[in-house]
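Here the structure is laid out as structure tokens; the discussion comes afterwards.
All of the numbers you see were taken from the coordinates with simple rules; none came from a lab. Small disclaimer: the values here were computed from a predicted structure and weren't measured. Here the Cβ positions follow ideal geometry from the backbone for every residue, glycine too, while neighbour counts run over all protein chains shown.
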Amino acid sequence: MPDLSIAAALDGQRIAITGGTGFLGTALIERLLRRAPGCELVLLIRPSQRRSVGQRARREIFKNDAFDLLREQLAGSAADGGETFDDMIERRVRVIGGDVSSDGLGLDEAGREVLATCDTVIHSAATVSFDSPLDLAVEVNLLGPSRIASTLHDICEPSRLPHLVAVSTCYVAGNRKGAAPEEPVDENAFWFGVDWRKEVAASRRSRADFEAESRRPDMLARFRKEARRELGAAGAPLLAAKTEQRRSAWVSDQLVEAGRTRAASLGWPDAYAYTKALGEKALFEHARSPVTGGSDLPFSIVRPAIIESSLAEPSPGWIRGFRMAEPVIISYARGLLKEFPGVPEGIIDVIPVDLVCGAICAVAADGPARNDDGTLAPPRIVQSASGSANPLRYRRLVDNVRSWFTEHPVYDSDGQPIVVPEWNFPGRGRVQAQLERAKSVIEKAESTLQALPLRGRQAEWASNLESKREDVERALTYVELYGAYAECEAVYGVENLLDLHQRMDEASREAFGLDPRVIDWDRYVSEIHLPSVVQHARVKTTPGSTDRESRSSRLRRQVLSPDRHVAAFDLENTIIASNVVASYSWLATRRLPPEDRLRFVLRTLAEAPSLLSADRKDRSDFLRQFYRRYEGAPVDQLDADTVDMFSHLLLTKSFPAAIRRVREHRALGHRTLLITGALDVAIKPIMPLFDDVICAEMTVAPDGTYTGELTDVPPTGEARAQALFDYCDLHGLDPAESVAYADSTSDLPLLEAAGFPVAVNPEARLSALARKRGWLVEHFDKAKGGSHPLLPIGPSWNQTTAVATRTATSGRTTGGGS
Amino acid sequence: MPRPGLVLDVDSSTPPIVFHHGEDFVLEKLPAGRSRVIYPPEPHEGLEDTDAAIRHALEHPLGDSQPLSTLLFSGMKLTICFDDISLPLPPMRKPDVRQRIIEAVLDTAAAAGVDDVEIIAALALHRRMTEDELRHAVGDRVYDAFAPSGRLYNHDAEDPDGMLEIGTTDKGELVEINKRAATSDLIVYVNINLVSMDGGWKSTATGLSGYRSLRHHHNVHTMQHSKSFMDRHASELHHSNWRMGKVLRDGGVKVFQVETTLNNDTFGTSALDTASPLSMLQKREWEWTAKDRATFMAVQAGLKRMPARAKRAAFQSWKAPYAVTSVQAGEVEAVHERTLEQNFAQHLVPVEGQTDVLTMGLPYICPYNVNSVMNPILVMCLGLGYFFNMYRGKPPVREGGVLIMRHPTPWEFHPVHHPSYIDFFEQVLSQTTDPVEVEKYEQAFAEDEWYRHLYRTSYAYHGVHPFYMWYWGSHALQHLGKVVIVGGDPKAVRRLGFAPASTMADALEIASDVVGPAPTITHVHNPPLLMADVT
């Protein structure tokens, strides 16, 4: 006679939950609050630097759409005088700060007191990411359950020890074929006695080793080189930050790899299953009373298989976060994953999240396993899996997915439907080799393109190529990570699970269903899971190529919002397609006899490679060196010539759309600021375009010639960012409300300083960065009708020209008055 | 004796007609039985001795005016103003008639002991002329004598100290012109009346003025009531200028007007003129010799191989062998009446009735792209402004009819000459092409500091200038049911509010949606210029 009433059993209970911000945790909290109205919850949440645990709970748990149903129900009852959702949370939920990766759980005194009064502790915190660094997985997954057990022993009366329900995974059984019953890991016939303490020590040592290795001079040089390759001449502070980021990413990568290989060497599919398995083992030891003759901690283990979107509760298809199968499915839908390894008749052990919640609640309600005399029996292990009771075959899943996406295609950025490929169920090695080959081809093309001085739309190819490479890399990761799961042929027994189901009364079966046999796989895959996945992945599901377009126009609207304060512009290749060398060459040839002019320009151009490399190394040095060439130039003459250069060189090579943009900003009331390393004398005529100009200035010798020396450090690299900050400071403007336009990674500090960076005709590296960071990219072209002289040669000068120009610009010298 | 113009009815034996197509030429076969082609009169004979004619005109003034020599006296302030780069089109071969007149005037002034002489390019809101262009117009001798000392320069309508308010017309129109000119004892205005729109009071009241004056007649209302602006007596544009001229005269501004007319010899007709590879274009197609046909084929083949830039450079370097057909000087209005007679004699062709469709081939040049790029806005202005208005009486196309133009209409702009055009195209025409709506954006462009800066220090047309281009076509826009451009960049054509077509046949198909099947067609043959006298 089924008599287990879960709601009744949980009535009056205080239940502590770890991992509440996770996928399973959120679903569990929702279920308990809605379906077991008599229980109280204590949420153990890790404090973050930015938010208190209370804020985290509100933002990351209760705002989730899982609570929509409950919120709605309570809104209805509140209208009749009942309590609101917030009142109910206030009454039934307490949030305490704690962290399962530190000893004693990092609880404060209040937290310890609250935890000590709990009747049940459900431990669902884990680092579920399949590619966590080894040490992190060890700290959280392996040591987490034991730490909880030790803490409970520590803070609770031995007579009032709560029931610990530890959430593990079916895959603790490791890579094997055939039955995997609900038994402790070490009772399994293939267990060969791995010492979890040694594994913990080894993982901690690995971290230390990799940290040390990453700081070796050759490694640091390598990270620095990589940072430079990515950012270019972005200035010392940014390069340093990027280098350090590279280093720590490398350490992390090494630890991920270490986790994967260690797990594989011991026969687990990945670090997650491996650390969870040893975690179970450690828990058995730590649950025993630390003192002889004391009470042992009662505990149970629930092992879910691959948890996916819910079947019915709180709503069909509910899912949180991007889970294991989703990226694979979406990659497939996007045509990226052409093949995925797997055995067609293999079982994909998927279990909807609401069934897992049901199992956990049932175990919690049923209490620890006890002998007939009431003493503790060996802990109960319940597997929440579908493989043995209602298997989903790999082929069936793939067929379902394929036909669904054929019917509901995902669209590419051009609005064309993507045709999903047919899967051949190849072996993992073959798929991996294929992807590796693709990756190496793309990498070669990419490095070639990166080396070319590309700009604008051409640079976008390079950046597209990079995104292709990332796609392939991602696919490769999936294959490496999940391939083992798709190939796994273990069948997880669910006897204990079904026993619970047998004992549950009708109401509990309805509210806390856990029976995998109710799943209609075809319906689940095509009507519940895939629509939900597609919706969450935010892929394009309608034709038409509007997405990209609307993104840049959205960004452009932000940039041109009246709320912005200031717009800073770089000059070269942002406003005009010219540079200091061209200006110099134009001015210098202006007064040379015709026969020398071409020779001069060619000589300057021949210097280009060395100038370019000097520029790449350090722009300030380059400018200082280069401007020496102006030494001795008469101020009058240069001033007159630059007026002509304005029309002949600067405006001819200008980007009309860029000039228009400056003016749009001005019209909106933004202050417009030109920050350039160009010389003041060379750009004087273009200055009226801006409210203010920060540029290089040359000193003048007493004889009225330029000295070729600068009054100040030319504004380059991080000095530009500083210039923007200082400018904002001076005028009481907010840098967060500033827009910056620049074309190269040497302007990165300026772009990063601005709240709204815009990459103009970016070179390949900046193009890639802008894409990654979601910056607005503008392609400003020269006016098509302009004459585009190949060489920057000033038109021949004669006495009268200068005079005619001067009189026309500075008013008449004779006549005029009456 | 040059033959007069004629209207040819197209029948099945009519050869294909040459159409200008920007920097190309296209032969089009027009539908027989319902098409007519208006051919201009042949170029009139030029003056035998232009310099003598000039001297004669200066000393035998028309109307209420003394001979120039008696108007000049020692110690006086003399300002010579001349038409800018927009005239004539294409530029004429050296020596430019302006140079001849200015030299004659300077000789007379020197003889009278006049020291204070300044020479101003009367360009209103056009771009400044470059040194080369000034040299071409006034000659090296005048340039070298006056420019270095700052006594030869471009008019600057935005110089805050350079303009003088003279008064207001009885219609409330403000008259403001160049201060140096206004405060001179005498202005000698040197004109080239290529078409009948030019000259008269428009020379000083427009050429030497600025935005504050121009806005009174360079606007949609005025242009829609100038039918046409080539017919001075039916042109509200000219009425306004004449009112302003009265204010100038009453305000004591003394103008000695020198006007000249040219024949329509754009490409050279003389068999001896070997420098005229395109002389066949001056001929009627059925009179082409075998050599003409062969040359035409060769030119077309050559153009086909030429890169666009080289083609543009080649055409822009073309200097027309125009001959001066008359010079008259003296009192503005009397002089201009004589000038118009000469213009009309050279250009007018009597035409009977209107047709459903008007076709034209647009050349590579208009008044505002000399040494520059014919951008889409200029295409509109040349077709719907200048060419459409080349009529007296009524347009050769009926109201609600269709205009079909041939021009490649590339989406190209000169970044130095036409910066405000670029923004006008992107910001205004993307919103509306209705002249009345367009006018609402005018002031912002006209008073923009950056355009002002470019107009004054670089070589840019004034910020407001693209609006004037659009207003120039507003009478045509009001009159026509549809405009089709054949062979244009479809995107640019659509931006102009017109329909793109790839062939003349397609264009006629599009036209028949508006005017009905088998429409009647008038083709205005160009080159050279002509003016339809439609009754």
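A few remarks follow.
- Applying a DSSP loop filter and a limit of 14 other Cβ atoms within 10 Å to the GluC sites (Glu not before Pro) in the stretch B:275-372 leaves B:GLU352.
- Overall form of the stretch A:1-153 per C-alpha gyration tensor (a/c, 1.5; a/b vs b/c): prolate
- For the stretch B:369-411 versus the stretch A:52-118, the gap between their alpha-carbon centres in whole angstrom: 75
- Within 10 Å of the Cβ of each residue in B:407-420, the mean number of Cβ atoms contributed by other protein chains is 5.
- In chain A, helical runs assigned H by DSSP with n ≥ 4 each contribute -39500 (n - 2.57); averaged across all residues and rounded to the nearest 500, the mean residue ellipticity at 222 nm is -15000 deg cm²/dmol.
- Within chain A, the longest run free of chymotrypsin sites (Phe, Trp or Tyr not before Pro) that sit in a DSSP loop with at most 16 other Cβ atoms within 10 Å is A:323-796.
- Charged-residue dipole, Cβ positions (Lys, Arg, Asp, Glu), the stretch A:8-133 about Cα centre, Debye nearest 20: 220
- Helix A:594-606 axis, angle to chain A major axis (alpha carbon atoms, nearest 10°): 20
- Assigned charges on the beta-carbon of Lys, Arg, Asp, Glu; the stretch B:50-262 dipole about Cα centre (debye): 440
- A Förster radius of 51 Å, combined with the Cβ-Cβ distance separating A:ASN188 from A:SER553, puts the computed FRET efficiency at roughly 0.30.
- Whichever lysines have a C-alpha closer than 25 Å to that of A:LYS177, once near sequence neighbours (fewer than 8 apart) are set aside: A:LYS276, A:LYS281
- Gyration tensor verdict on the stretch A:581-654 (Cα atoms; rounded if a/c is under 1.5, prolate if a/b is larger than b/c, oblate otherwise): prolate
- Estimated FRET transfer efficiency (B:THR183, B:ASP64; beta-carbon r; R0 30 Å; 0.05): 0.85
- Per-residue shielding of B:168-180, expressed as the average number of other chain Cβ atoms within 10 Å of the residue Cβ, stands at 1.
- Separation of the B:ASP107 and A:SER77 label points, Cα + 7 Å toward Cβ, nm: 11.2
- Once backbone amide H atoms are built at 1.01 Å from N, A:GLY785 has B:PHE413 as its partners under 5 Å, excluding neighbours fewer than 5 places away on the same chain.
- Span-rule helices in chain B, defined as complete DSSP H runs reaching 15 Å or more along the axis (Cα) with Kyte mean at least 0.5: B:97-111, B:504-515
- Across the options A:HIS779, A:ILE519, A:ILE61, the greatest Cα extent toward the positive end of the charge dipole of chain A (unit charges at beta carbon of Lys, Arg, Asp, Glu) belongs to A:HIS779.
- Sum of -39500 (n - 2.57) over DSSP H runs of 4+, divided by residues of chain B (222 nm, nearest 500): -9500 deg cm²/dmol
- For the stretch B:50-262, share of DSSP beta bridges that run antiparallel, in % to the nearest 5: 25
- Against the compact-protein benchmark of 2.2 N^0.38 Å, the Cα-based radius of gyration of the stretch B:50-262 scales to 0.97.
- Fewest neighbouring Cβ atoms within 10 Å first, the residues B:TRP411, A:TRP268 line up as B:TRP411, A:TRP268.
- Inter-part distance where the stretch A:222-245 and the stretch A:141-173 are each reduced to a Cα centre, Å: 45
- Simple label model, 7 Å out from Cα along Cβ direction - B:HIS221 to B:MET1, nm: 5.0
- Shown here: chain B, whose C-alpha atoms stretch 69, 52, 44 Å along the first, second and third principal axes, sorted largest to smallest.
- Potential extension, A:ARG222-A:SER289 segment - 0.36 nm per residue separation minus Cα distance: 19.0 nm
- Residues whose placed amide H lies under 5 Å from that of A:GLN383, excluding near-sequence neighbours: A:ARG303, A:ASN496, A:LEU497
- Net length gained if the chain between A:ARG437 and A:ASP734 were fully extended (0.36 nm per residue, minus Cα distance): 102.0 nm
- Net +/- balance of residues flanking A:LEU70 in space, Cβ distance below 13 Å, scoring K and R +1, D and E -1: -2
- Using 0.36 nm per residue and subtracting the Cα-Cα separation, the extra length available between B:ASP144 and B:PHE344 on full extension is 68.3 nm.
- One Cα centroid belongs to the stretch B:96-165, the other to the stretch A:385-402; the line between them spans 91 Å.
- Entries of B:LYS227/B:LYS440; B:LYS94/B:LYS394; B:LYS291/B:LYS491; A:LYS225/A:LYS653; A:LYS439/A:LYS772; B:LYS246/B:LYS319 with Cα pairs more than 30 Å apart: B:LYS94/B:LYS394; B:LYS291/B:LYS491; A:LYS225/A:LYS653; B:LYS246/B:LYS319
- Rounded to 10°, Cα long-axis angle of helix A:68-79 versus longest principal axis of chain A: 80
- Neighbours of B:ASP170, meaning other residues whose beta-carbon lies under 10 angstrom from its beta-carbon, give a summed charge of +2 when Lys and Arg score +1 and Asp and Glu score -1.
- Net charge of Cβ neighbours under 11 Å - reference A:ILE155; Lys, Arg +1; Asp, Glu -1: -2
- Cα Rg, Dmax, chain A, angstrom units: 33.9, 123
- Rounded to the nearest 20 debye, the dipole magnitude of chain A is 2700 debye, with +1 charges on Lys and Arg beta carbons, -1 on Asp and Glu beta carbons, and the Cα centre as origin.
- Amide hydrogen neighbours beyond the local backbone of B:HIS21, cut-off 5 Å, H modeled: B:VAL26
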